[in-house]
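Novice: One structure follows; several queries about it will come next.
The values are calculated or read from the model by the stated rules, or taken from the named source; none is laboratory data. These figures come from a predicted structure and were not determined experimentally. All Cβ positions, even for glycine, are placed from backbone atoms using ideal geometry, and neighbour counts span all protein chains on display.
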Amino acid sequence: MNKQILNLSIAAAVITLASCGGAKKEESQAKKNTGIDMANIDSSANPRDNFYQFVNGKWLKSNPIPASESRWSSFNELYEKNTAKLKVILEDAVADKNAKPGSNSQKIGDFYSLAMDSVKLNKDGAAPLKEEFNSIDKIANTDDLIKELAHLHSIGISALFVGYIAQDPKINTLFIPQLYQGGISLPDRDYYTNTDERTLGIQKEYMKYMIKMFTLLGDKPATAEKNAKTVYHIETNLAKASMTNVELRDPEKQYNKKTLEELTDLTPNVKWVNYLDEVGVKNITEVIVCQPEFYKEVYRAINDVSINDWKTYLRWSLIDQTASKLSDDFVNTHFNFYGTVLTGTPALKPRWKRALEATDASLGDALGQLFVEKHFTQESKRRVSEMVENLIAAYRVRIDSRDWMNAETKKQANTKLDKVMKKFGYPDKWKDYTTLDIKHDSYIQNFMRANTYSFKEMINKLGKPVDRTEWGMTAPTINAYYNPTMNEIVFPAGIMQPVFFNPDADDAVNYGCMGAIIGHELTHGFDDQGAQYDADGNLKNWWTADDLKKFKTKTDMIVKQFSTFVAIDSMHINGELTQGENIADLGGLTISYYAFKKSIEGKPVPEKIDGYTAEQRFFMSWTQGWRGNMRPAFLKNMVQTNPHSPGNFRCNGPLSNLQEFYDAFGIKEGDKMYRPKTERAEIW
């Protein structure tokens with residue numbers, strides 16, 4: 001578990017269209033593979049008033065959200081294609097009766113087949129968890145409680161707090177134990193503390209959900225209700241002591257290094273040596289306590305909550321986090337709350353999709369290795385690398401042109417850019433699952449064995465050199481990320497496909513979407529969070545005081561802009577929470593535009609394709625990638641908890657700041673996409 005990784009719902013790769021003969025032939029080829037789906041254009045919408053609607057309007061109208069989804073977007077379309085490929089791989093593994101015991105094929109085959117065995121799952125119910133519930137029931141005192149917490153954490157069940165091993169943000173060549181806030185089941189602390197009508201309704205439904213789950217475990221109705229109130233009381237107090245999502249964006253606030261003696265002073269009733277020993281951490285003298293105020297509540301709770309109530313809380317943590325992998329009664333009850341109540345989704349995904357996602361989560365490299373062998377080429381990896389180098393070159397030019405930065409800060413920024421580590425497609429070194437024993441006995445047992453394997457893998461990092469080849473996402477994932485403590489950008493194979501990456505399209509299309517995604521990831525190294533880490537990935541200021549003040553003024557403009565956007569009803573975008581992603585979108589789009597213009601220098605470029613110039617199609621490609629419909633409940637949850645803005649704002653927001661967009665589409669004062677020059681944000 002690495003809290004430093006910033007996951008983005010974007011990424012990609014790109015291909016440039018080489019010159020091949022005369023302009024007539026090139027235009028013919030472009031017509032064949034334009035990369036922009038003209039059938040989606042809403043000609044009734046004015047691009048100067050709502051560019052997102054203009055580019056995507058017909059797609060939005062003709063693509064209703066399937067019953068099993070909380071949203072439907074270009075990401076979902078690609079997900080469908082990827083899962084179809086992965087399904088074949090998994091079904092082949094299940095059918096392979098000659099798979100060598102201990103092989104990746106045997107492991108993913110057994111894991112997937114047990115996840116698919118509805119007859120066995122419904123027969124077993126919660127019985128596979130009997131030993132875990134018995135272990136919880138045996139807790140007699142605080143020492144037993146801490147020991148049981150350690151055990152639950154080791155099998156992937158989060159309860160009370162979160163403990164993990166990660167790089168020391170200020171000495172990133174070393175791993176150190178870190179303690180983080182946790183212990184709640186609702187998506188965010190504010191779901192416990194807010195008192196608006198929507199939140200109160202969700203709280204009421206959460207209580208119903210807990211009562212139903214305790215009843216399924218065999219509790220009588222009155223006992224189930226009492227137990228639900230006990231859990232809710234504990235979680236509410238933990239939530240009140242937790243930092244907000246905005247506060248969590250400040251890495252300096254999370255860096256509170258303490259000796260074991262200081263940690264014991266903070267929570268005298270917790271024998272941390274016993275906890276650490278139980279999870280396999282030995283011979284350490286320091287830990288990072290990310291949210292000290294939260295651990296004061298841990299201390300208070302352990303003093304005030306009875307052992308019997310802690311048993312109830314741990315029973316809840318166990319069943320809530322495993323319900324989706326048990327019999328249908330547990331699965332449906334779990335989905336009704338987390339799927340229908342929280343996101344408005346009417347129906348479960350088909351079992352095979354749920355089983356596939358679980359296999360990828362538990363055995364990602366085993367499945368990813370087979371996916372890459374069948375569906376990814378070295379040529380794609382080479383072309384991605386080429387695009388990234390073009391974007392980095394453009395970034396250097398932009399940094400050097402910043403009139404608000406002095407020479408020393410520019411030098412440091414360029415050094416950081418020079419040291420960015422690039423990862424494309426898939427890991428150079430796949431995980432070795434030799435020590436992971438996947439059996440054909442129980443889906444939930446295999447799930448916990450996989451969690452134990454991952455937990456031990458994490459613990460074993462202590463005292464060892466940082467492995468810079470490690471990935472934080474699986475190869476089939478349709479996503480990308482920037483990790484500030486490694487100063488790296490990572491693009492999995494899964495996202496290197498249309499509409500994000502189109503090998504048959506021209507430069508305008510590929511730079512408009514793919515290039516902007518690459519630029520987005522690079523800009524995360526220079527957003528409000530990433531800019532606090534130096535070229536080597538250490539949390540260390542490299543700015544002059546004056547330049548840092550100017551940078552803050554510029555990022556504040558982004559915060560102000562997005563805070564004015566109304567997402568749904570009276571809910572505004574949280575400009576503070578989303579500022580990192582909004583900065584990255586604006587920076588990525590800007591850098592990619594200049595890389596695109598450089599890429600077509602000296603090339604024969606058609607004056608227009610499908611009636612649009614190359615510059616116009618660049619911005620259309622960006623916007624096309626963000627098309628999507630969302631259920632109202634999902635959108636409200638997203639606005640409250642997610643650091644990304646909804647897709648329509650990710651399109652129109654950055655574009656309203658770019659003079660290049662104004663020039664391409666003739667945006668003038670009086671148009672709704674127009675923003676006065678003094679109010680336009682420009683950072684990178």
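Novice: Given (1) more than 30 Å from P128 (Cα to Cα); (2) surrounded by fewer than 16 Cβ atoms within 10 Å (Cβ to Cβ); (3) touching a Phe, Trp or Tyr at 6+ places or on another chain (Cβ under 9 Å), where does V289 come up short, assuming only one miss?
Specialist: So V289 meets the others, but not (2).
Novice: Among the residues in segment 485-494, are any at pLDDT below 95, surrounded by 24 or more Cβ atoms within 10 Å (Cβ to Cβ) and assigned to a helix (DSSP H, G or I)?
Specialist: yes
Novice: Same structure again: Keeping to segment 513-551, report how many residues are without any contact (Cβ under 8 Å) to a residue 12 or more places away in the chain and not in a loop (DSSP other than H, G, I, E, B).
Specialist: Our first condition is that a residue be without any contact (Cβ under 8 Å) to a residue 12 or more places away in the chain; within segment 513-551, this holds for 541, 545, 548-549.
Among the residues that remain, those that are also not in a loop (DSSP other than H, G, I, E, B) are: 545, 548-549.
Summing the residues that are without any contact (Cβ under 8 Å) to a residue 12 or more places away in the chain and not in a loop (DSSP other than H, G, I, E, B) in segment 513-551 gives 3.
Novice: If I filter segment 413-425 for residues that are touching a residue at least 60 places away in the same chain (Cβ under 8 Å), within 25 Å of the chain's Cα centre (by Cα), surrounded by fewer than 17 Cβ atoms within 10 Å (Cβ to Cβ) and assigned to a loop (DSSP other than H, G, I, E, B), do I get at least one hit? Talk me through it step by step, then tell me what you get.
Specialist: Start the filter on segment 413-425 by keeping residues that are touching a residue at least 60 places away in the same chain (Cβ under 8 Å), which leaves 413, 415-425.
Filter again for within 25 Å of the chain's Cα centre (by Cα), leaving 416-417, 419-425.
Subsequent filtering for residues that are surrounded by fewer than 17 Cβ atoms within 10 Å (Cβ to Cβ) retains 419, 421-422.
Now narrow it down to the ones that are assigned to a loop (DSSP other than H, G, I, E, B): 419.
Among the residues of segment 413-425, at least one is touching a residue at least 60 places away in the same chain (Cβ under 8 Å), within 25 Å of the chain's Cα centre (by Cα), surrounded by fewer than 17 Cβ atoms within 10 Å (Cβ to Cβ) and assigned to a loop (DSSP other than H, G, I, E, B), which makes the answer yes.
Novice: So which residues in segment 106-141 are surrounded by fewer than 16 Cβ atoms within 10 Å (Cβ to Cβ) and of a type in the set (D, E)?
Specialist: Once the filter is applied, which keeps residues that are surrounded by fewer than 16 Cβ atoms within 10 Å (Cβ to Cβ) and of a type in the set (D, E), segment 106-141 yields E131, D137.
Novice: Output the number of residues of segment 209-245 satisfying the condition of being under 15 Å from W310 (Cβ atoms) and either assigned by TED's automatic domain parsing to the domain that holds M638 or among the β-branched types (V, I, T) (or both).
Specialist: Final tally of qualifying residues: 3.
Novice: Within segment 289-317, count every residue that is touching a Lys or Arg at 6+ places or on another chain (Cβ under 9 Å), within 17 Å of N269 (Cα to Cα) and not charged (D, E, K, R).
Specialist: 2
Novice: When you check R631 against the structure, is it of a type in the set (K, R) and touching a Phe, Trp or Tyr at 6+ places or on another chain (Cβ under 6 Å), yes or no?
Specialist: no
Novice: On to the next question. I need the helices (runs of 4 or more DSSP H) fully contained in segment 89-166, keeping only those with at least 1 residues that are touching a residue at least 60 places away in the same chain (Cβ under 8 Å), aliphatic (A, V, I, L, M) and closer than 18 Å to A450 by Cβ. First the steps, then the outcome.
Specialist: Details: elements: 104-116, 118-124, 130-137, 142-154.
Because the criterion is at least 1 residues that are touching a residue at least 60 places away in the same chain (Cβ under 8 Å), aliphatic (A, V, I, L, M) and closer than 18 Å to A450 by Cβ, the helices (runs of 4 or more DSSP H) in segment 89-166 that meet it are 104-116, 118-124, 142-154.
Novice: Further question: Need pairs with beta-carbon distance below 7 Å; first residue under 13 Å from K212 (Cβ atoms) and within segment 324-350, second among the small types (G, A, S) and assigned to a loop (DSSP other than H, G, I, E, B); sequence gap 6+ or separate chains.
Specialist: F330/A126
Novice: From the set of residues in segment 171-188 that are polar (S, T, N, Q) and surrounded by fewer than 22 Cβ atoms within 10 Å (Cβ to Cβ), which is farthest from K253 (Cα to Cα)? Can you show your working first?
Specialist: As a first pass, look at segment 171-188 and keep what is polar (S, T, N, Q): 172-173, 178, 181, 185.
Cutting the leftovers down to surrounded by fewer than 22 Cβ atoms within 10 Å (Cβ to Cβ) gives us 173, 185.
On the way: T173: 21, S185: 24 Å.
Looking at residues that are polar (S, T, N, Q) and surrounded by fewer than 22 Cβ atoms within 10 Å (Cβ to Cβ), I get S185.
Novice: Let me ask another. Which one of E261, E286 is of a type outside the set (V, I, T), touching a Pro at 6+ places or on another chain (Cβ under 9 Å) and over 30 Å from N637 (Cβ atoms)? I'd like the intermediate steps shown before the answer.
Specialist: Working: E261 fails: touching a Pro at 6+ places or on another chain (Cβ under 9 Å).
Exactly one of E261, E286 is of a type outside the set (V, I, T), touching a Pro at 6+ places or on another chain (Cβ under 9 Å) and over 30 Å from N637 (Cβ atoms), namely E286.
Novice: Taking segment 189-236 as the search range and keeping residues that are polar (S, T, N, Q) and surrounded by fewer than 19 Cβ atoms within 10 Å (Cβ to Cβ), which one is farthest from the chain's Cα centre (by Cα)? Before you say what the answer is, go through the steps one by one.
Specialist: Applying the first criterion (polar (S, T, N, Q)) to segment 189-236 yields 193-195, 199, 203, 215, 223, 227, 230, 236.
Restricting the remaining residues to those that are surrounded by fewer than 19 Cβ atoms within 10 Å (Cβ to Cβ) gives 193-195, 199, 203, 215, 223, 236.
Details: T193: 25, N194: 25, T195: 28, T199: 24, Q203: 25, T215: 34, T223: 38, T236: 25 Å.
It comes out as T223.
Novice: Another question, if that's okay. Looking only at segment 583-606, count every residue that is touching a residue at least 60 places away in the same chain (Cβ under 8 Å), out of contact with any His (no Cβ under 9 Å at 6 or more places or on another chain) and not aliphatic (A, V, I, L, M) and tell me the total.
Specialist: Selection size over segment 583-606: 9.
Novice: Within segment 212-277, which helices (runs of 4 or more DSSP H) (wholly inside it) include 3 or more residues that are of a type in the set (G, A, S)? Can you show your working first?
Specialist: On the way: elements: 221-240, 251-254, 260-266.
Passing ranges, in order: 221-240.
Novice: Hey, can you tell me all the residues within segment 297-351 that are of a type in the set (S, T, Y) and assigned to a helix (DSSP H, G or I)?
Specialist: Of segment 297-351, the ones of a type in the set (S, T, Y) are 299, 306, 312-313, 317, 322, 324, 327, 333, 338, 340, 343, 345.
Passing the criteria: Y299, T312, Y313, S317, T322, S324, T333, Y338, T340, T343.
Novice: For segment 295-312, does any single residue satisfy the condition of being within 24 Å of the chain's Cα centre (by Cα) and either closer than 29 Å to D441 by Cα or crowded, with 20+ Cβ neighbours inside 10 Å (or both)?
Specialist: Residues of segment 295-312 within 24 Å of the chain's Cα centre (by Cα): none.
No; the residues of segment 295-312 include none that is within 24 Å of the chain's Cα centre (by Cα) and either closer than 29 Å to D441 by Cα or crowded, with 20+ Cβ neighbours inside 10 Å (or both).
Novice: Evaluate the following for I288: is it hydrophobic (A, V, I, L, M, F, W, C) and touching a Ser or Thr at 6+ places or on another chain (Cβ under 9 Å)? Give the steps one after another, and end with the answer.
Specialist: On the way: hydrophobic (A, V, I, L, M, F, W, C): yes; touching a Ser or Thr at 6+ places or on another chain (Cβ under 9 Å): no.
It is false that I288 is hydrophobic (A, V, I, L, M, F, W, C) and touching a Ser or Thr at 6+ places or on another chain (Cβ under 9 Å).
Novice: Test V397 against the stated conditions and say whether it is of a type in the set (A, V, I, L, M), assigned to a helix (DSSP H, G or I) and either without any contact (Cβ under 8 Å) to a residue 40 or more places away in the chain or exposed (fewer than 15 other Cβ atoms within 10 Å of the Cβ) (or both).
Specialist: Working: of a type in the set (A, V, I, L, M): yes; assigned to a helix (DSSP H, G or I): yes; either without any contact (Cβ under 8 Å) to a residue 40 or more places away in the chain or exposed (fewer than 15 other Cβ atoms within 10 Å of the Cβ) (or both): yes.
Yes: the conditions hold for V397.
Novice: Name every residue in segment 40-75 that is part of a helix (DSSP H, G or I) and of a type in the set (S, T, Y), in order of residue number.
Specialist: Narrowing segment 40-75 to residues part of a helix (DSSP H, G or I): 40, 51-62, 74-75.
Listed by number, the residues that qualify are Y52, S62, S74.
Novice: So, one more: So A450 fits all but one of (1) modelled with pLDDT of 95 or more; (2) within 30 Å of Q106 (Cα to Cα); (3) surrounded by fewer than 22 Cβ atoms within 10 Å (Cβ to Cβ); what number is the exception?
Specialist: Checking A450 against (1) modelled with pLDDT of 95 or more; (2) within 30 Å of Q106 (Cα to Cα); (3) surrounded by fewer than 22 Cβ atoms within 10 Å (Cβ to Cβ), the one that fails is (3).
Novice: Does L78 fit the bill of being in a helix (DSSP H, G or I) and assigned by TED's automatic domain parsing to the domain that holds D37? Lay out the reasoning, then the answer.
Specialist: Values: in a helix (DSSP H, G or I): yes; assigned by TED's automatic domain parsing to the domain that holds D37: yes.
So L78 fits the description; yes.
Novice: For residues that are surrounded by 19 or more Cβ atoms within 10 Å (Cβ to Cβ) and of a type in the set (S, T, Y), scanning just segment 454-479, find the one that is farthest from P169 (Cα to Cα).
Specialist: T477
Novice: Here's something else I'd like to know. Considering only residues that are acidic (D, E) and without any contact (Cβ under 8 Å) to a residue 40 or more places away in the chain, which ones fall in segment 255-301? Spell out the reasoning first.
Specialist: Taking segment 255-301 and keeping what is acidic (D, E), we get 261-262, 265, 277-278, 286, 293, 297.
Correct list: E261, E262, D265, D277.
Novice: Which residues, counting only those in segment 664-684, are assigned to a loop (DSSP other than H, G, I, E, B) and not charged (D, E, K, R)? Break it down stepwise before answering.
Specialist: Of the residues in segment 664-684, the ones assigned to a loop (DSSP other than H, G, I, E, B) are 666-668, 670, 672-676, 680-684.
Those that are assigned to a loop (DSSP other than H, G, I, E, B) and not charged (D, E, K, R): G666, I667, G670, M673, Y674, P676, A681, I683, W684.
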